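What follows draws every value from the coordinates through simple rules; no lab data is involved. Bear in mind the structure is a predicted one, so any value in this text is a computation, not a measurement. Cβ coordinates were reconstructed from backbone atoms using ideal geometry, including for glycine residues, and neighbour counts include every protein chain displayed.
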Amino acid sequence: MERPAGPAGRRRTFAIISHPDAGKTTLTEKLLLFGGAIQLAGAVRGKRDRATRSDWMNIERERGISVVTSVMTFEVDGTVFNLLDTPGHEDFSEDTYRTLTAVDSAVMVIDAAKGIEARTRKLFEVCRLRDIPILTFINKMDRESREPFELLDEIEKTLALDTAAMTWPIGRGRDFVGTYDIARRQVRLIDSSGEAVKVSGPDDPAIDGMAKPGAVAAFREEIELVEGVAKPFELDGFLEGHLTPVYFGSALRNFGVRDLIDALDAFAPSPRPQAAEGRTVEPTEDKMSGFVFKIQANMDPNHRDRIAFLRVCSGRLERGMKAKLVRTGKPIPLNAPQFFFAQDRHIADEAFAGDVVGIPNHGTLRIGDTLTDGEDLVFRGVPSFAPEILRRVRLGDAMKAKKLKEALQQMAEEGVVQIFTPHDGSPALVGVVGALQLDVLKERLKAEYGLPVDFEPARFTVARWVTSDDPVKFEEFVERHRSQMASDLDGAPVFLAPSAFELRYDLDRWPQITASDIKDYQ
Ligand code: G4P
């Protein structure tokens, strides 16, 4: 594959997408161990204290830990892997989606006993929207699993994604001994040092000694079928997002992880060109550019420090440089950009296309912001998703209304919630994609701003961004629906409806109006 010369070509920036419990944390840990980024298994474990919705301590812990696990960088044989973590909670899905805008590929982890599960499918759809190439890791092969053919078939049918088996399991469950690498004709055994054994092919007698006779016979039959009828791996199909190479393994037993790293190294794209308004930015361009896809508040409630996560898209980010924040035109000194390793943050001296750096700031940076030291650019595509829950915020102490407004503004800039300001002057509504976000908002308003609040149902349950190619009609629409119009954080017009039915009913009568449940930050 042609890769850009220099540091950009050596980078692979990816995320893991999976349903809870499929083994993402375990696999992450093994990848990091492999890369020597962590010495101790268990370093990413904290994340697994799953919070129940009302258990703030756990939310807090998770938030704290996720600062350092948001980006994990490790290096194997000269290739720099940036693994961007997607939050574990279903409820944090908005953050997850935004993270997927900052990766160039994704690893889809599937539990071999369960196949494609709901969240995997949802995340997959986001990847597909962005044509993100996907590698598949079928995990937990050391346990009772479904038949591999059945799993491949399910991927093809439910995701409309072609599969190319790259390895094939020998034995199942307790009798699972390892995998056969189809292209390289080699066997990797689970109970070995991980070194692969070269064989002449699936019929090599050496394989007979590796597993129970029944397992070997079944393997040979299957592999004949795989080699005979299955689609071969084809790089272009993968890069375009139509085909996924499939690997079998066991994260828990640290098996199959090397295959995955090799595959990311060989096939996964290097930093891809990024679409900005007006033109596409190549990773090899000299001038530094990047966009903010995530904001994380610091844990210390006494400081309003935030870390903005910047995905570098081109050039070289150098410590001490002044970048321009395009939205305001103001310079931002990058005095202490941070790199993230498994447990640690380090001050970064330099970063390149594909890297993610944390930029401490006091609220200057917002999600979707572009930083550059070249011409003014605006990257497209850090999306906002229409909230699934809309609420009014009820404040006990009316004297603090102004403070609440400021606090909500800050929370919205961090992406914790969205706020919608109705045009008719009624109080702002907050919108979230998942209910846990409301708990987080409530706790943070109390802890960080001293504002005890409650939420009450709003008159509206649906919000959509509206646009039109016909300014006159648009004006008319807004005029007619004055009591249902609001502005989001950036002032974009939002149409509010009491129910999905009423939304459709209304919009059917206004064909010139386009309503969207996704908005790209600009
Ligand atoms: P997640 O981040 O995707 O939610 O999954 P996580 O890695 O936390 O794994 C979920 C459970 O599945 C854990 O068990 C983990 O040990 C187990 N697991 C992960 N990979 C494999 C595998 O390859 N084989 C087998 N047999 N199990 C695997 P748990 O019981 O929830 O936790 P623990 O008691 O093992 O710590």
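Details
- In loop segments of segment 485-522 as defined by DSSP, the trypsin sites (Lys or Arg not before Pro) with at most 11 further C-beta atoms inside 10 Å of their C-beta are Arg509.
- With loop membership from DSSP and a limit of 13 other Cβ atoms within 10 Å, the longest segment of the chain without GluC sites (Glu not before Pro) is 376-522.
- Nearest-20 debye value, segment 227-267 charge dipole, Cβ charges on Lys, Arg, Asp, Glu: 260
- Counting only DSSP H runs of at least 4 residues, each contributing -39500 (n - 2.57), and dividing by the residue count of the chain, the helix-based mean residue ellipticity at 222 nm comes to -8000 deg cm²/dmol.
- Once both labels are positioned 7 Å from their Cα atoms along Cα-to-Cβ, the gap between Asp286 and Asp490 label points is 3.1 nm.
- The chain: antiparallel DSSP beta bridges as a percent of all, rounded to 5: 80
- In this structure, Met1 and Asp424 have a Cβ-Cβ separation that, at R0 = 45 Å, corresponds to a calculated FRET efficiency of about 0.20.
- Computed lengthening from Asp508 to Arg480, 0.36 nm per intervening residue step minus Cα-Cα distance: 8.6 nm
- Check: the chain dipole with +1 on Lys, Arg Cβ and -1 on Asp, Glu Cβ, in debye: 1480
- The value given for the chain is a Kirkwood hydrodynamic radius of 24.6 Å, derived from the mean inverse Cα-Cα separation.
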